[in-house]
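Novice: Pasting a structure below so you can have a look.
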Amino acid sequence: MATGTIGRIVQQTKKDLAEKVLGQALGLLGNDPDRNAKYLLKAVDHVASTEQQAVIRDFFHEWLGEGYPGREFLGRILKNTHPNVRQRYIARMLVSMLFSKKEVLERHEKWGDVEVPGLMLISPSMRCNYRCEGCYAASYSRKDDMKPEVFDRLLTEAENMGINFFVVLGGEPFIYPHLLDMVAKHNRSFFQIYTSGFFIDQKMAAKLVELGNVAPQISVNGPAEFTDASRGKGAFKTVMRAMDNLREAGCVFGFSSLVTRQNVDVICSEEWIDMLIDKGVLYGWLFLYMPVGKDPDMDLMPTPEQRDKVRQVMRHCRRAKAIIPLDFWSDGALTGGCIAGGREYFHVNHRGDVEPCIFCHFSTHNIHQCSLKDALRSPFFSAIREKQPFSYNTLRPCPIIDHPSEMWNIIEEQGAKATHVGAEDTFTTFMPEMKEYAAKVADIMDDVWEKEDYHEWGPKWTVLCRVPEEKLEKRREEYQRAHFCACGMSKKKAE
């Protein structure tokens with residue numbers, strides 16, 4: 001047996017043991033918040049060993065401290081989640097947070113010449129029962145779905161490389177008739193399913209709890225006036241009913257919100273966050289509207305100032321509320337910058353096109369003509385990873401909206417083809433506006449980077465996220481040169 005194979009077996013055994021330790025810890029917790037926090041932290045301490053794990057461990061120690069929201073959050077888990085879900089989903093989620101690939105099958109050790117990412121996004125169907133404005137779903141039929149044997153093969157290939165976290169999107173994933181069969185078959189992995197909630201009745205919620213390894217992410221873009229505006233009258237009530245069904249069944253679930261210039265204020269309001277907590281939501285993702293998809297509209301993008309507001313509010317919520325909201329862009333500092341192109345994630349669409357990001361609809365490889373491993377080691381993905389992080393300031397992580405010229409250069413140089421009509425518009429038709437937007441964001445976020453604490457911990461954490469120090473140093477020099485030039489220009493103008 002090859003040394004690498006033995007190493008992977010040993011690391012997988014460590015992971016299984018960690019899941020067991022944390023799962024037992026969650027199962028033994030009672031109603032005493034102080035005792036619960038101490039018991040869980042003891043389990044986390046037992047698992048954490050590397051420098052990166054130690055940083056996460058220290059965060060848990062602070063967050064679960066007396067008077068901090070982690071204790072209430074832990075209480076919500078104990079109150080609202082079924083034991084089956086605690087073991088099969090929450091314990092595995094904690095292990096994934098704590099373990100780097102140096103510990104779990106050397107997660108960032110190369111499999112051949114491939115760096116194994118942490119998760120795979122997959123859209124087995126683009127069909128949907130809703131007909132939302134600006135969406136392509138109405139143009140797809142069942143014949144366009146990914147064949148179940150292909151879906152199964154993809155999950156198996158990913159698992160064999162060490163990926164066990166899958167995000168399922170669409171369309172509406174619950175329309176795909178083979179979805180739960182795949183979740184049940186691959187029961188050593190765990191799944192997040194992004195859904196409108198339309199199909200989550202009491203029977204479906206009970207089924208998800210029985211499986212245990214799945215967490216729906218309920219898409220909701222604000223109160224009825226915003227959610228119904230795009231999906232149709234009654235859509236918001238459907239979301240609320242789905243959340244009630246999931247909470248009552250004991251299923252862990254999150255939220256997903258598309259943030260636009262119109263709904264940003266309500267999404268950031270304390271009343272909205274408190275409502276999500278009351279409904280049983282534990283965590284969620286905020287996605288800024290981007291000019292991709294059908295009939296893109298730059299006027300829907302949150303302004304740079306609104307983007308900073310989202311950053312501030314979400315950071316405050318994690319410190320003060322018993323919920324974990326994440327901002328896909330401004331939380332780039334937590335991931336060491338862009339995670340696309342297989343660095344930490346990638347997307348496979350219903351046709352098998354392997355895309356670097358759910359928002360970057362370009363591809364050079366299709367899984368019907370190659371293995372998943374071949375797609376991950378493609379020159380296109382390699383070129384993206386070589387550029388990461390795109391900025392020393394990881395509050396500006398996104399190559400599409402923060403560094404559009406660099407991303408378009410990679411797409412053209414690597415001959416990547418658009419995977420749907422109009423995908424180029426973001427980088428062609430809207431390029432002048434995108435560059436102007438990126439410059440305004442840079443003015444704000446660079447100021448935030450310097451004046452708040454990001455510049456103190458951000459670079460250190462980026463290195464722990466496996467960005468080579470020499471590459472980060474290069475980005476630092478580029479950042480400082482840009483600032484020197486900007487300051488010089490400003491000074492000259494002032495004189």
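The values are calculated or read from the model by the stated rules, or taken from the named source; none is laboratory data. Source: prediction; values computed, not measured. Counting neighbours? That spans all protein chains shown, and the Cβs are built from the backbone with ideal geometry, glycine included. The area values use the complete protein model at the heavy-atom level, side chains included, leaving out ligands, DNA and RNA. Shrake-Rupley method; radii C 1.70, N 1.55, O 1.52, S 1.80 Å.
Novice: Which value, in debye to the nearest 20, describes the size of the charge dipole of the stretch 201-314 about its Cα centre when Lys and Arg Cβ atoms bear +1, Asp and Glu Cβ atoms bear -1, and nothing else is charged?
Specialist: Numbers: 13 positive and 16 negative charges, 76 e Å.
Here the stretch 201-314 has a charge dipole of around 360 debye.
Novice: Let me ask another. Just want to confirm a number: the relative contact order over the stretch 302-377, from Cα pairs under 8 angstrom separated by 6+ residues, in percent.
Specialist: Working: 63 pairs, mean separation 12.1, N = 76.
Relative contact order for the stretch 302-377 comes out at 16 percent.
Novice: Still on this structure, I have one more. Starting at the first residue of the stretch 235-249, write each ³J(HN,Hα) from the Karplus equation 6.51 cos²θ - 1.76 cosθ + 1.60 with θ = phi - 60°, in whole Hz, x for Gly and Pro.
Specialist: Karplus-based 3J(HN,Hα) across the stretch 235-249 equals 5, 5, 4, 4, 4, 5, 5, 4, 4, 4, 4, 5, 4, 5, 7 Hz.
Novice: Alpha carbons only, please: Rg and Dmax for the stretch 301-427, in angstrom.
Specialist: Cα radius of gyration and Dmax of the stretch 301-427 are 15.8, 49 Å respectively.
Novice: Solvent-accessible area of H316, probe 1.4 Å, all protein chains present, reported in Å² to the nearest ten, please.
Specialist: It works out to around 110 Å².
Novice: Related question: Shape verdict for the chain, please, from the Cα gyration tensor: rounded (a/c under 1.5), prolate (a/b greater than b/c) or oblate.
Specialist: rounded
Novice: Mind jotting down the distance between the C-alpha centroids of the stretch 265-296 and the stretch 327-367, whole Å?
Specialist: Between the Cα centre of the stretch 327-367 and that of the stretch 265-296, the gap is 21 Å.
Novice: Here is a further query. Rounded, prolate or oblate: which fits the stretch 389-440 when a ≥ b ≥ c are the square roots of the eigenvalues of the alpha-carbon gyration tensor, with rounded for a/c under 1.5 and prolate only if a/b beats b/c?
Specialist: oblate
Novice: Could you list which residues have their amide H under 5 Å from that of I324, counting only those 5 or more apart in sequence or on another chain, with H placed in the peptide plane?
Specialist: Amide H neighbours of I324: Y283, G284.
Novice: List the relative contact order of the chain as a percent without decimals, with contacts defined as Cα pairs under 8 Å and 6+ residues apart. Show your work: numbers first, answer last.
Specialist: Details: 828 pairs, mean separation 62.9, N = 495.
In percent, rounded to a whole number, it is 13.
Novice: Using the Karplus equation 6.51 cos²θ - 1.76 cosθ + 1.60 (θ = phi - 60°), what ³J(HN,Hα) coupling, rounded to whole Hz, does each residue of the stretch 65-71 give in order, writing x for Gly and Pro?
Specialist: Running phi through 6.51 cos²θ - 1.76 cosθ + 1.60 with θ = phi - 60° gives x, 4, x, 9, x, x, 5 Hz.
Novice: In whole Å, how far is the Cα centre of the stretch 209-223 from that of the stretch 159-187?
Specialist: About 14 Å separates the Cα centre of the stretch 209-223 from the one of the stretch 159-187.
Novice: Let me ask something else. Where only protein heavy atoms count, and the probe is 1.4 Å, what is the accessible area per residue for the chain in Å²?
Specialist: Solvent-accessible surface per residue comes out at 43 Å².
Novice: Further, regarding this structure: Nearest 5 is fine: what % of DSSP beta bridges in the chain come out antiparallel, could you say?
Specialist: Taking every DSSP beta bridge within the chain, about 25 percent pair in antiparallel fashion.
Novice: Between E450 and D201, take the C-beta separation as r, use R0 = 56 Å, and let me know the FRET efficiency to the nearest 0.05.
Specialist: According to the calculation, E is roughly 0.65.
Novice: May I pose another question? Under the rule of at least 5 residues apart or a separate chain, name every residue whose amide H is placed under 5 Å from the amide H of F390.
Specialist: C338
Novice: What list of ³J(HN,Hα) couplings, whole Hz, do you get for the stretch 467-482 from phi and the Karplus terms 6.51, -1.76, 1.60, once you set θ to phi - 60° and write x for glycine and proline?
Specialist: 7, x, 4, 5, 5, 5, 4, 4, 5, 5, 5, 4, 4, 5, 4, 4
Novice: Which listed residue (P216, A423, W461) has the Cα farthest towards the positive end of the charge dipole for the chain, taking +1 on Lys and Arg C-beta and -1 on Asp and Glu C-beta about the Cα centre?
Specialist: P216
Novice: Skipping prolines and chain starts, which residues have an amide H placed within reach, meaning under 5 Å, of the one on K294, given they are 5 or more residues away or on another chain?
Specialist: Y136
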